[in-house]
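What follows is a single structure, written as structure tokens, with notes after it.
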Amino acid sequence: MAYLTTTETGQPVLILKEGTGRSRGKEAQRNNIMAVRIIAEAIKTTLGPRGMDKMLISGMGDIMITNDGAAILKEIDVEHPAAKMMVDVAKTQDEMVGDGTTTAMILAGELLGKAQELLDQKIHPTMIVSGYRKAFQKAEEVLQKIGTPVDLDDRETLRKVAVTAMASKVVGEARQHLAKIAVDAVKQIVEQRGEKNSADIDSIQIIKKAGKSLADTELIQGIILDKEVVHPGMPKRIEKAKIALINTALEVKKTEISAEIRIHEPTQMKAFLDQENHMLKDMVEKVKKAGANVLVCQKGIDDLAQHLLAKDGIMAARRAKESDMEKLAKATGGRIINNLDDLKAKDLGEAGLVEERKIGNDKMVFIEKCKDPKSVSVLIRAGLEKMIDEAERAIHDALSVVADVIENNQVVAGGGAVEAEIAKELRDYATKVGGREQLAIEAFADSAEAIPKTLAENAGLNTIDILVALRSAHQKEKGYTMGVDVFSGDVTNMLEKGVIEPVWVKQQALKSATEVASMILRIDDVIAATKPKAEGMPSREEE
Ligand code: ADP
Ligand code: MG
């Protein structure tokens, strides 16, 4: 439909191109809100340790089984623009904090659902948005108030935070084992930046190999190269390794333009080949002279160079990934060299052991026992491939939350305890604000309470009983740690149960949910250009 308006003299003015879809006002809003709520409803059943998994089947028939909100939204193909905003929320939450994506989406869905009720009572969207903003600021204050600082040497608390983050993804004994690995890994790579601790989990390499079981997952004090030692004549094991990290090829460059070389006599041919050999020999000589007994090359290594390296007892791997080279530099303290002429003894990295091992069906080179490595590796093992992928997501969540606590240093009780406390404080606050905003703040409080409610629901508990018990527990002194124990069905002190989460995760989840809800509430006009296949964006005629 082309959108038409008329001038004062009644002349039609065509503003938008033929076929442009448009929906306005209440209808646009209702439609966007609906889309977000549908996404939130679909994700809701995965929340918490007793949440269910989703099985996703790609167009190619690949199967993925997961409980991870971000992973689910990444896989499903959503069309609706408001739903796409939710996908972005999940992505941002995942990248910024690495956990709490399901929470953020449930909150967004609730905030918008409650907003719809207020809109139906003729409360203006701007009023709702400003009420939500005030409520969010108050919620932040509450988080600051009830957040408990964590000593960074308090491994026990860090481990509990990791276990809580993995609760919905890994069951049983393995969880403790993986949590310990996550804490050790993050603590190893922490760096002091001025006053602050910085824990960049990108420095932690994750390698997956099917076979054995989750309990065999191990932390390597160094890096694993998914490569073989390049020549059979080379040593397969070197202790006290001195490692040259080179990002240029040990090959004689072939000219770009194909040149023709006319050779008239056999001696000329020999001279030509000798020249090439001489250059390769020279390269190997430089590696040897620097004192290296291991060479990791980001590019290729010529056959002859391989042979010469082997003769000198130097172990080598080629075509290492750039990201692995950087991690290797951090792990071994070596420097990546562009030009072999620059290679000096002080550029070499060090490792207690470099060894080629067979893991599953593949050979891999372990560069380990590094001294205080600032990059480490987690080798994940599990029987089934689907399990490995979910274990990887679980470890990612665990590493993220431990890093969050190390960087931001505050934790709160999980199991819906924080959200219940925020709800309580917001209801008090709402009466002080009064007016129409009061209703929006109360709606925010109800939305926060959706988290303990959903945890209970997913555990098959009676949500009304739980909410009543939870509210009364929070009225008591120090009631802010009381949450839902989804296994016993009781309302208990979650700190004592070891269900602990970073304040940072909670704060970001509330923030992204408030932002996306506000953004959607402010939209009162949707104008969509025609697409070859315009679905999911209803125009006025469709309604
Ligand atoms: P998200 O993507 O939001 O992190 P999860 O499925 O990981 O979603 O669930 C996280 C929620 O589960 C948090 O509210 C957390 O406090 C809660 N939780 C984790 N472990 C427990 C437990 N043992 N008992 C009750 N709640 C738990
Ligand atoms: Mg989680």
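Summary table below
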item: In region 46-69, residue nearest to ligand 1 (Cβ to nearest atom) [restricted to those that are among the acidic types (Asp, Glu) and surrounded by 11 or more Cβ atoms within 10 Å (Cβ to Cβ)]; result: 68
item: Subset of region 473-506 (residues that are over 20 Å from residue 168 (Cα atoms) and either within 16 Å of ligand 2 (Cβ to nearest atom) or without any contact (Cβ under 8 Å) to a residue 12 or more places away in the chain (or both)); result: 476, 477, 478
item: Region 93-111 residues that are within 23 Å of residue 202 (Cβ to Cβ), paired with ones that are hydroxyl-bearing (Ser, Thr, Tyr) and more than 14 Å from ligand 2 (Cβ to nearest atom) (beta carbon under 8 Å, 6 or more apart); result: 93/512; 104/512
item: Top-ranked residue in region 44-62 [being more than 14 Å from ligand 2 (Cβ to nearest atom) and among the aliphatic types (A, V, I, L, M); ranked as farthest from residue 521 (Cα to Cα)]; result: 60
item: Top-ranked residue of region 114-168 - restricted to ones that are farther than 30 Å from residue 182 by Cα and aliphatic (A, V, I, L, M), ranked as nearest to ligand 2 (Cβ to nearest atom); result: 135
item: Hey, residue 79 assigned to a loop (DSSP other than H, G, I, E, B) and over 30 Å from residue 378 (Cα atoms) or not; result: yes
item: Which numbered condition residue 73 fails, given (1) within 16 Å of ligand 1 (Cβ to nearest atom); (2) outside any helix (DSSP H, G or I); result: (2)
item: Residues located in region 231-260, provided they are modelled with pLDDT under 95 and among the aliphatic types (A, V, I, L, M); result: 249, 250, 252, 257, 259
item: Flag if residue 194 is out of contact with any Asp or Glu (no Cβ under 6 Å at 6 or more places or on another chain), away from ligand 1 (no atom under 16 Å from the Cβ) and within 30 Å of residue 284 (Cα to Cα); result: no
item: Only listed residue being assigned to a helix (DSSP H, G or I) and at pLDDT 95 or above, chosen from 316, 310, 320; result: 310
item: Qualifying residue in region 24-43 (condition: more than 16 Å from ligand 2 (Cβ to nearest atom), of a type in the set (A, V, I, L, M), touching a strand residue (DSSP E or B) at 6+ places or on another chain (Cβ under 9 Å) and at pLDDT 75 or above); result: yes
item: First in region 383-399 and assigned to a helix (DSSP H, G or I), second anywhere and among the polar types (S, T, N, Q), Cβ under 6 Å, 6 or more apart; result: 390/66
item: Members of region 173-191 found to be assigned to a helix (DSSP H, G or I), of a type outside the set (Gly, Ala, Ser) and more than 16 Å from ligand 1 (Cβ to nearest atom), listed by number; result: 177, 180, 181, 183, 184, 186, 187, 188, 189
item: Residue match in region 261-274 (condition: modelled with pLDDT under 90, of a type in the set (Asp, Glu) and out of contact with any Leu (no Cβ under 7 Å at 6 or more places or on another chain)); result: yes
item: Count - residues of region 159-172 that are of a type outside the set (S, T, N, Q), under 10 Å from residue 398 (Cβ atoms) and not in a loop (DSSP other than H, G, I, E, B); result: 6
item: Region 307-316 - residue that is on the phi < 0 side of the Ramachandran plot and surrounded by fewer than 24 Cβ atoms within 10 Å (Cβ to Cβ) and, of those, nearest to the chain's Cα centre (by Cα); result: 314
item: Residue match in region 172-184 (condition: crowded, with 21+ Cβ neighbours inside 10 Å and either closer than 17 Å to residue 409 by Cα or in contact with a His (Cβ under 6 Å, 6 or more places away or on another chain) (or both)); result: yes
item: Some residue of region 141-149 being within 13 Å of ligand 1 (Cβ to nearest atom) and under 24 Å from the mean Cα position of the chain (by Cα); result: no
item: Positions within region 93-137 being surrounded by fewer than 24 Cβ atoms within 10 Å (Cβ to Cβ), of a type in the set (A, V, I, L, M, F, W, C), touching a Lys or Arg at 6+ places or on another chain (Cβ under 9 Å) and part of a helix (DSSP H, G or I), in sequence order; result: 118, 119, 127, 129, 136
item: Region 72-92: number of residues that are within 16 Å of ligand 2 (Cβ to nearest atom), crowded, with 18+ Cβ neighbours inside 10 Å and either among the small types (Gly, Ala, Ser) or without any contact (Cβ under 8 Å) to a residue 40 or more places away in the chain (or both); result: 3
item: Pairs with Cβ under 8 Å, 6+ apart, first in region 186-199 and farther than 15 Å from residue 155 by Cβ and of a type in the set (Gly, Ala, Ser), second at pLDDT 85 or above and buried (at least 18 other Cβ atoms within 10 Å of the Cβ); result: 198/190
item: Top-ranked residue of region 82-110 - restricted to ones that are among the hydroxyl-bearing types (Ser, Thr, Tyr) and under 14 Å from the mean Cα position of the chain (by Cα), ranked as farthest from ligand 1 (Cβ to nearest atom); result: 92
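The values are calculated or read from the model by the stated rules, or taken from the named source; none is laboratory data. As the structure is a computational prediction, the values presented were derived from the model and not from experiment. Note that each Cβ is placed from the backbone with ideal geometry, even for glycine, and that neighbours are counted across all protein chains shown.
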